[in-house]
Ligand code: NAD
């Protein structure tokens, strides 16, 4: 493991132009003079500051957003899609600027930064292509067909609040927003305090792509102040972050009687079956465990390996882990970058030292690397981990994985499911049917077969989210759009009010209604077979 000795392009505070950061900070419309410092993890030095917004500033941003939404929802779907497509083009065009910014703010490797950058145009294309079909009104069965008809139209919920984390600040600040925007909602985004500049850069690109004023605004500041005011004033909240904060957000959304989606933490298992291709599984596991230095909600922190292949897998896995290059270059040389800050480094160290104190063995890693960066930590593999250790059950959110030998599929599934989380799981086998059977028994929102997480995450047509304490609701796919829409029923009677006609005695009318209900039940069961949810064209 090494940092590059000769490469001068190491991340520093000069990687991005300070004037461009000042310009970005000015996009936050607030009279507040108090600011929050933003620090580059690769050097632990300040790169600039953003406004520390008050509750009053957030309230004003939401009011502006509400006004802007009135005309934004009137723009045609094709116009909204065109803006989102132009924005996707700009993200690809300005990739160097965005990647530099992501790296400076997070300390992640260039490769990890590219992974999140590419997610943005992919999600934009998906929603721009699918939105018309998804939001076309649907014909439903009326109360008394054909005397009455009914259809469902989809209207935007209004102002959507987005609260995003620091680990994937580029994609997670904007991809949920893209789905909401294309549906006719406006956005007020509260990025994490540690990574506000990338969110502001995206705001600038959205404006350049043609988004009208106030349709996408960014409010910077503290979670407990800005985040909570947002939840008190918007019509829907989409939150990505820790399970702990997710509970606070859900409770507040409940008090305000607004809907929310919560993408929370994970303690994701990876299962290697006895018939897996060991070399491929080991390579995949390295990616699943150490992408973004393990600071990925979907990353693997528990590895269950069939005892018959345990030794050969461990040998391959440890070898591949040791070959990972750790560094803070702005080139593609380093495969793993820094942790975000001292707090995250302390958490990783405390999980490892608690495990070692209680009898775990470090197979590789287990050390901070301040020679490379102040918050760098080696990719670490632990064995002999028991359930009382913190690392066994709590999300580390760092480059630490525990490996366990299991006696077969049943034990692997039982252990994988023995967690309060249920976000992502990974299964490795050469036998697709076997892997599918295992997948069907895992309690989580996504299962990837013969891949760690990308196959699931990048399948933007499919819903992504967690069960148990990993969250509520789904992003991506039609589900990721419909959460931001209010389905409204419009029912029409062709025969006037549905009540007894003036010429008919009431008793006759009641008998008639009962007979009609019987006939209706027959028709309903027949039409169910034929598929009654036809789309209006
Ligand atoms: P966090 O919960 O501390 O912060 C997330 C966001 O919430 C930040 O913007 C923060 O300012 C804001 N916030 C903090 N307190 C708040 C409050 N009281 N009200 C409203 N907002 C508040 O999470 P984090 O530590 O920044 O992120 C790491 C966590 O996020 C990990 O647990 C990780 O698994 C999870 N995560 C999940 C996903 C997913 O898709 N499931 C994706 C990325 C990260």
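Since every read-out is calculated from the coordinates, none of them should be taken as a lab result. It should be emphasised that the depicted structure is a prediction, and the values quoted were computed from it without experimental measurement. In this analysis, Cβ positions are derived from the backbone assuming ideal geometry, glycine residues included, and neighbour counts consider all displayed protein chains.
Put simply, the convex hull of the Cα atoms in the range 1-120 casts, on average, a shadow of 10.0 nm². Rounded to the nearest 10 degrees, the angle from helix 77-93 to the longest Cα principal axis of the chain is 10 degrees.
Diffusion coefficient of the chain by Stokes-Einstein, Kirkwood radius over Cα pairs, 10 °C, 1.306 mPa s: 63 µm²/s.
Relative to the longest principal axis of the Cα atoms of the chain, the long axis of helix 243-255 makes an angle of roughly 20 degrees. Annotation for the range 286-337 versus the range 126-184: alpha-carbon center distance of 37 Å. With 5 Å bins beginning at zero, the pair-distance distribution over Cα atoms of the range 253-304 amounts to 5, 18, 21, 16, 11, 9, 7, 6, 4, 3, 1 %. Spin-label model, residue 333/residue 356: points 7 Å from Cα along the beta carbon direction are separated by 2.9 nm. Packing, as the average of other Cβ atoms within 10 Å across residues, places the peptides 322-334, 136-148 in the order 322-334, 136-148, highest first. Computed extension gain for residue 274 through residue 155, at 0.36 nm per residue and net of the alpha carbon distance, reaches 37.8 nm. Nearest 0.05, what FRET efficiency do residue 342 and residue 34 give at R0 = 25 Å with Cβ-Cβ as r? Using R0 = 25 Å, I get an efficiency of 0.65.
Computed over the alpha-carbon pairs of the range 38-189, the distance histogram in 5 Å steps reads 2, 8, 14, 15, 16, 15, 12, 7, 4, 3, 2, 1, 1, 0, 0 percent, short to long.
Geometric descriptor of the range 268-460, per residue, is 115 Å³ (volume of the convex hull of the Cα atoms). With 0.36 nm allotted per residue and the present C-alpha distance subtracted, the residue 490-residue 388 stretch has 31.1 nm of extension available. The label-point distance for residue 94 and residue 44, in a model that sets each label 7 Å from Cα toward Cβ, rounds to 3.2 nm. Label-to-label distance, residue 79 versus residue 433, with points set 7 angstrom from Cα along the beta-carbon direction: 5.6 nm.
How far, in nm, would the chain grow between residue 307 and residue 224 when pulled straight, counting 0.36 nm per residue and subtracting the alpha carbon separation?
25.2 nm
The relative contact order of the range 268-460, computed from alpha carbon pairs under 8 Å that lie at least 6 residues apart in sequence, is 29 percent.
Helix 506-530 and the longest principal axis of the C-alpha atoms of the chain enclose an angle of approximately 40°. Here 200, 135 are placed in order of increasing Cβ neighbour count within 10 Å, fewest first, which gives 135, 200. Name the shape class, rounded, prolate or oblate, that the alpha-carbon gyration tensor gives for the range 58-125, where a ≥ b ≥ c are the square roots of its eigenvalues, rounded holds for a/c under 1.5, and otherwise prolate holds if a/b is larger than b/c and oblate otherwise. It comes out oblate by the Cα gyration axes.
How would you classify the range 128-274 from its alpha-carbon gyration tensor, with a ≥ b ≥ c the square roots of the eigenvalues: rounded for a/c under 1.5, else prolate if a/b is greater than b/c, otherwise oblate? Taking the square roots of the gyration eigenvalues as a ≥ b ≥ c, the range 128-274 is prolate.
Under 20 Å from a label point 7 Å along Cα→Cβ of residue 530: give me every residue in the range 141-173 with its amide N that close. Only 141-152 pass the distance filter.
Among 439-451, 158-170, what's the highest-first ranking by average C-beta atoms within 10 angstrom per residue?
Result, highest mean Cβ count within 10 Å first: 158-170, 439-451.
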